[in-house]
Structure formats: C-alpha cells, structure tokens
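The values are calculated or read from the model by the stated rules, or taken from the named source; none is laboratory data. Because the structure is a prediction, the values reported are computed rather than measured. With ideal geometry, Cβ positions are generated from the backbone for all residues, glycine too; neighbour counts draw on all protein chains shown.
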Amino acid sequence: MADNVNNISDSIAPLNQEMNGVHLDTRDITLDNGLRVLLTPMDRATSVGISLYVKAGSRYELTESDSGLSHFLEHLCFKGTLQRPDPVEISRELDQLGGGVNAVTDRELTVYYGKMTPDSASHGLALLSDLIQNSILLDDEIERERGVILEELAAVEDSPPELVSVALDGLIWPNQPHGREIAGTVSSVTNMPRAKIVSYYKQQYVPNATTLSIAGAFDPVRAERAVKELYGEWQSGSPAQFIPDIPVFGEGEIESGPNIDNRLALIQRDTEQVHLMLGMPGLALHDERRYALELFSVILGEGMSSRLFVRLREKLGLCYDIHSYPSFLIDTGMFGIYSGVDPRNVDATIEELFNELKRAVEMPTESEVQLAKQIIRSRLTLRLEDSRAVSSYVGAQASLDLPALQPDELLSKIDSIDRASIGEVAELILKPSRYHLSVIGPVERDRLANHLALA
C-alpha cells in the first residue's frame with residue numbers, strides 16, 4: 001500500500017508544479033471618466049467572476065454619527081434603481097444569474113461581486129452597472145433597510161466572536177473610524193438621514209473612485225466594448241479621501257502608550273465560553289515586511305501544526321479554537337489572536353499564550369519556515385482556480401494601489417523571506433506594552449489586568 005501511495009504522489013507532482021506557475025494575462029484599461037477596468041481571461045475557467053470596488057468604507061466616515069454610512073448605502077443599492085424600481089424584481093434577477101451577486105463593506109472599500117456562467121455574464125455586468133450608477137434611495141426602502149441593519153447589529157451583539165473583535169479594534173484604534181463597527185451603532189443607524197446617504201452616494205460612487213475587475217471564461221474584446229457601453233457615460237466626480245490613521249505608538253516607542261486600563265476591554269456575560277482576543281499594532285499594507293509577518297502568523301497560529309494550536313489545544317487541551325491573523329490597512333495594521341475557552345481555563349490559557357509569544361520572539365526553525373511557505377503557496381494556488389477569486393486578487397491590488405504582482409512574483413517574495421526576517425518582524429510587533437486584550441464572558445477585570453501587567 002505504501003508503494004502505491006508513493007507512486008500516486010509522484011504522478012501528480014508535475015501538475016502541482018504547473019499550477020504554481022499560473023500567469024494572469026490581465027488587460028488594464030482606464031476609461032475617460034477614470035474607471036479602471038481589469039480584464040483577466042482564464043483558459044480553463046467555466047465561469048466568470050466580477051468584482052467592482054468602490055472607495056467607500058468606514059475610513060471615509062468622519063464622525064461617530066456617520067458610522068455605518070457606507071454599509072447602509074451598500075444595502076440600499078440593491079433596493080431600487082431608475083430602470084428597476086422594484087427590489088423584489090431585482091432579487092429575482094439576481095437569483096436568475098445562478099452564481100449569485102452580493103456585496104460587502106469593509107474599512108477602505110465596498111465591493112460588489114458575483115460569479116456566474118459565461119452566458120449570464122453580460123446580464124450580470126449590466127445589472128451591477130445599474131445598481132451602482134442609478135440607485136434611487138427611496139424613503140420607504142431606507143426605513144425598511146434601517147430595521148434590517150439594526151437586526152444585523154443585534155446579531156453581532158449575540159455573537160461573542162464578532163463582538164470581541166469589534167471591542168479589540170476599538171482598543172487598538174481608539175476614537176478613529178477604522179476602530180468602529182463597520183455597520184455602525186444603533187444610534188448612528190437609527191438617526192442616519194436620507195440626505196446624508198444621498199450626498200455620500202453622489203460623492204463616493206463615481207468612476208474615478210471605482211475599479212472593475214472581470215476574470216474567467218469571456219472574450220476580453222467583447223467585454224471591453226460592453227464595459228464602455230455600460231459605464232462610459234458615468235460622470236466622474238471629486239470623491240473624498242480616507243481618514244488617515246493617528247498612531248498611538250511611534251515605531252521607536254516601546255514602553256510609552258496607553259496604560260492597562262486603556263488596553264483592556266471586558267464585556268461580562270454569563271456565556272458558556274470566555275471569548276478572548278489579544279491584539280497589537282501591526283504593519284501597513286504597503287510595508288514590505290508584511291510578507292514576513294504573514295509567514296510568522298502561519299507559524300504561530302494558522303492551522304493545526306501551528307505553535308499555538310499544538311501547545312494550547314493538542315498538548316494542554318485548554319481550548320477548542322485558537323488562531324492568529326494579520327490585518328493590513330493602507331497606512332496601519334494590527335496582529336490578532338483569538339481563542340474561545342472554558343471559564344475555568346482562562347488564566348492558564350492567557351499564561352500559556354504569553355509564554356508562547358515570549359518564545360516566538362526567538363528565530364523560527366528552518367522547517368517551520370518552509371512549511372509556512374508551502375501553506376501560503378497552496379492557498380494561493382487553490383484560490384487561482386476560481387474566477388471570482390482571481391477577479392478579487394487582481395481588483396484588490398489595483399484598488400489599493402498595490403503593485404500588480406503576478407502570482408509567481410508574489411510567491412517569489414514569500415520564498416525570499418528568511419528566518420532572520422521573520423524573527424525581526426516578530427520582535428518588532430511582540431511588545432508587551434502594546435498588547436491589547438478584549439474579553440467576553442464571566443471573568444473578573446482585575447484578573448485580566450494582572451495578566452496584562454505581567455506579560
């Protein structure tokens with residue numbers, strides 16, 4: 001049996017190597033009105049993925065009363081246009097596309113996306129064009145959707161893993177738009193006036209703040225012609241810029257910064273699990289050290305072979321879920337670790353977590369680095385099989401003004417990272433005075449504060 005397994009492995013090795021060499025032949029066009037269009041045909045695809053990025057998100061919302069404005073507008077763009085005034089008909093049309101069209105609002109972008117069969121792609125592109133350019137934002141629909149979003153916020157309140165993440169963002173980026181809940185607050189959503197929504201729509205939903213990315217089984221010549229017909233008359237404008245980050249810490253600061261009270265958030269609830277998140281300032285999107293940080297995160301807490309999973313779950317049985325992740329924004333970033341634990345294991349979990357972070361400052365082993373690189377390579381290779389993922393890969397780079405890296409170029413950057421670089425980035429971000437802890441569950445604040453003090 002072992003010989004058979006080895007033979008199978010040998011037979012598929014060339015295929016894996018071929019997939020790792022994927023080249024994306026993207027046509028990059030900018031229309032006269034400023035709309036950037038990226039067309040990426042895929043030889044083996046049987047679907048078409050569309051991603052339309054608008055520079056609208058929580059980082060464009062100046063005051064707390066504006067919080068949730070971008071997300072509110074995203075909902076409303078599906079609720080009636082000049083050509084399609086009935087939201088039910090829009091929903092029926094969306095369902096007819098098969099693969100689905102949806103949207104999500106983040107801090108720096110709102111993306112409208114879909115995946116469909118090639119014969120439906122023209123229809124999907126036209127529908128997205130109408131939703132983005134011609135939404136009518138009727139009073140009745142605003143009031144109806146206001147209630148829907150309030151239910152969405154209530155769902156976050158009932159989801160400790162989501163709520164503890166929101167609390168952590170508020171600690172790391174206090175009194176800043178990117179530290180607030182993207183969907184807003186009960187107060188901001190309840191009191192959001194139609195005039196503000198309409199004004200924001202006219203300001204941000206303009207072609208010179210938008211990127212359209214199409215990937216998959218389509219003819220790029222015909223697609224370019226269709227895009228020009230559908231989007232060419234869209235009038236450009238003067239969109240606002242995102243609100244810059246105000247760092248709590250400078251890079252050279254180690255001991256200064258918020259005291260423990262400002263680095264700890266506790267929501268006491270009688271939950272079955274204690275949900276805790278440890279976070280700290282990370283790296284910005286354009287920082288070349290981000291690649292080392294991504295590898296560090298894989299080694300520390302992504303997957304069943306990561307240090308945190310092996311130590312805290314497999315060896316000690318302290319928790320069911322523990323994982324780390326980096327989050328990159330244009331001019332700032334954070335690094336977070338989440339775990340859900342039995343209330344009786346909170347102290348031991350935090351102590352072991354801090355012990356692992358102390359060990360993590362030491363240089364990783366060569367085998368850990370090679371495994372992390374293989375994990376990232378595999379993730380990217382698998383993603384590139386999907387047309388929607390490719391439209392996202394290409395479109396996100398353009399929307400965020402990142403270099404247009406081919407997948408093999410990105411993997412080369414990852415492969416060039418050595419053990420020392422990972423150790424240096426770990427030492428840079430793992431400063432106990434910068435640790436922030438958010439917790440939901442039946443636990444005393446003093447115990448948590450003591451852990452932070454002793455980290």
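Working carefully through the options 417, 440, 422, 376, find the one that is of a type outside the set (Ser, Thr, Tyr), closer than 30 Å to residue 49 by Cα, in contact with a helix residue (DSSP H, G or I) (Cβ under 7 Å, 6 or more places away or on another chain) and at pLDDT 95 or above. Show your work before the answer.
Numbers: 417 fails: closer than 30 Å to residue 49 by Cα; 440 fails: closer than 30 Å to residue 49 by Cα; 422 fails: closer than 30 Å to residue 49 by Cα.
Of 417, 440, 422, 376, the one residue that is of a type outside the set (Ser, Thr, Tyr), closer than 30 Å to residue 49 by Cα, in contact with a helix residue (DSSP H, G or I) (Cβ under 7 Å, 6 or more places away or on another chain) and at pLDDT 95 or above is 376.
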Within the set of pairs 6 or more residues apart or between chains, which connect a residue that is at positive phi inside the stretch 430-454 to a residue that is assigned to a helix (DSSP H, G or I) with Cβ atoms less than 7 Å apart? 441/343
Take the stretch 410-429 and flag every residue that is over 22 Å from the mean Cα position of the chain (by Cα) and not small (Gly, Ala, Ser). 415, 417, 418, 419, 422, 424, 427, 428
State which residue pairs qualify: first residue in contact (Cβ under 8 Å) with a residue 12 or more places away in the chain and inside the stretch 207-223, second residue hydrophobic (A, V, I, L, M, F, W, C) and part of a helix (DSSP H, G or I) in any location, beta carbons under 6 Å apart, and separation of 6 or more residues or different chains. 211/398; 213/394; 214/223; 215/390; 218/121
Can you go through 91, 135, 129 and tell me which one is under 19 Å from residue 75 (Cβ atoms), at pLDDT below 95, hydroxyl-bearing (Ser, Thr, Tyr) and assigned by TED's automatic domain parsing to the domain that holds residue 47? 91
Give me a count of the residues in the stretch 42-66 that are in contact with a strand residue (DSSP E or B) (Cβ under 7 Å, 6 or more places away or on another chain), hydrophobic (A, V, I, L, M, F, W, C) and within 30 Å of residue 193 (Cα to Cα). 3
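Given the structure, is residue 378 in a helix (DSSP H, G or I), free of Cβ contacts under 8 Å to residues at least 40 places away in the same chain, among the hydroxyl-bearing types (Ser, Thr, Tyr) and under 22 Å from residue 22 (Cβ atoms)? Walk me through it before giving the result.
Numbers: in a helix (DSSP H, G or I): yes; free of Cβ contacts under 8 Å to residues at least 40 places away in the same chain: yes; among the hydroxyl-bearing types (Ser, Thr, Tyr): yes; under 22 Å from residue 22 (Cβ atoms): yes.
Against the criterion (in a helix (DSSP H, G or I), free of Cβ contacts under 8 Å to residues at least 40 places away in the same chain, among the hydroxyl-bearing types (Ser, Thr, Tyr) and under 22 Å from residue 22 (Cβ atoms)), residue 378 qualifies.
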Suppose we keep only residues that are surrounded by 15 or more Cβ atoms within 10 Å (Cβ to Cβ) and under 22 Å from the mean Cα position of the chain (by Cα) within the stretch 125-155. Which one would you say is nearest to residue 225 (Cα to Cα)? 128
Residue 364 versus (1) touching a residue at least 24 places away in the same chain (Cβ under 8 Å); (2) surrounded by fewer than 19 Cβ atoms within 10 Å (Cβ to Cβ); (3) outside any helix (DSSP H, G or I): which is the lone unmet condition? (2)
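Looking only at the stretch 194-208, count every residue that is over 13 Å from residue 142 (Cβ atoms) and either touching a His at 6+ places or on another chain (Cβ under 8 Å) or among the aromatic types (Phe, Trp, Tyr) (or both) and tell me the total.
Matching residues across the stretch 194-208 total 1.
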I need the full set of residues from the stretch 413-439 which are part of a helix (DSSP H, G or I), within 27 Å of residue 340 (Cβ to Cβ) and of a type in the set (Gly, Ala, Ser), in order please. 426, 433
Failed condition for residue 91, given (1) touching a strand residue (DSSP E or B) at 6+ places or on another chain (Cβ under 7 Å); (2) among the polar types (S, T, N, Q); (3) in a helix (DSSP H, G or I); (4) free of Cβ contacts under 8 Å to residues at least 24 places away in the same chain, with all others met? (1)
Inside the stretch 398-440, the number of residues satisfying the requirement of being among the small types (Gly, Ala, Ser) and either touching a Pro at 6+ places or on another chain (Cβ under 6 Å) or over 30 Å from residue 167 (Cβ atoms) (or both) is 7
Is it true that some residue in the stretch 340-353 is part of a strand (DSSP E or B) and modelled with pLDDT of 95 or more? yes
